[in-house]
Amino acid sequence: MRPQPQRRARGEARREQIISEALAVFAEHGYRNASAAEIAERCGLSQPGLWHYFPNKDALLTAALAHRDQADLDRFGHDLPLRGADALRRLVTLTEANEQVPELVRLFTVVAGESVTVDHPARDWAVRRYRNMRSHVVVALEGGIANGEFRSDIDIPAIAGQVVATLDGLQLQWLLDPGEVELTTVFNAYIENLIDYLSPKDNEQVT
């Protein structure tokens, strides 16, 4: 009876290897130009052997994106509630972590850019991801208003969109020119300026 668990363990290890190599290939070439043959070769498999673990390239992309999202949860804790200035500063922690895994940032940037086409297999994933990102910032801003850290007259949806756009835009510039763009330093300055802008002034009453 022992060989069965061993086979499952080997199968899971092989799946993880395939996902890891697929992530790298998708990040390097994008979904459209990624070659299943290259992924299989990197894993020491034939293409039929690759399809034994994943039925097609769409399924492989889905698995790679799920791996990336889980990595974010593990490193940043997107499942944790976000509130006020501390929550916005925690986004800076995300950029610090992202600087250590440029291949994951590249995967998100490449696939998100490709997914603007209506027939891209990752379009729904990208839409959900941006909605979730904005939602997390909205909760942070609402929490800051509730606890008196932020003014009550701010345009919450607009600011949430700006925060996400700033983070993504800086990450794109950093990927293109890492020697010139200090991702975490610049984003931290933006967040601190934003917190100052959102904070009630001495002559203002928090409602």
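Each value in this text was obtained by applying a stated rule to the coordinates, not by laboratory testing. Remember, predicted model here, so these are calculated numbers, not experimental data. Don't worry about glycine lacking a Cβ; one is built from the backbone with ideal geometry, like all the others, and counts go over all protein chains shown.
Tabulated data for the structure shown
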{"item": "For the chain, size of Cβ-based charge dipole, Lys and Arg +1, Asp and Glu -1, in debye", "result": "1160"}
{"item": "Among [x] 12.7; [y] 14.6; [z] 16.0, the entry that matches mean projected area of the Cα convex hull in nm² as calculated here", "result": "[y]"}
{"item": "Gaussian network model of the chain, springs between alpha carbon atoms under 10 Å - residue of PHE26, PHE54, PHE187 with greatest fluctuation", "result": "PHE54"}
{"item": "Potential extension, ASP168-ALA36 segment - 0.36 nm per residue separation minus Cα distance", "result": "44.7 nm"}
{"item": "Degrees between helix 156-176 axis and first principal axis of the chain (Cα, 0 to 90, nearest 10)", "result": "50"}
{"item": "Whole-Å distance, taken between Cα centres, linking the range 24-41 and the range 113-136", "result": "20"}
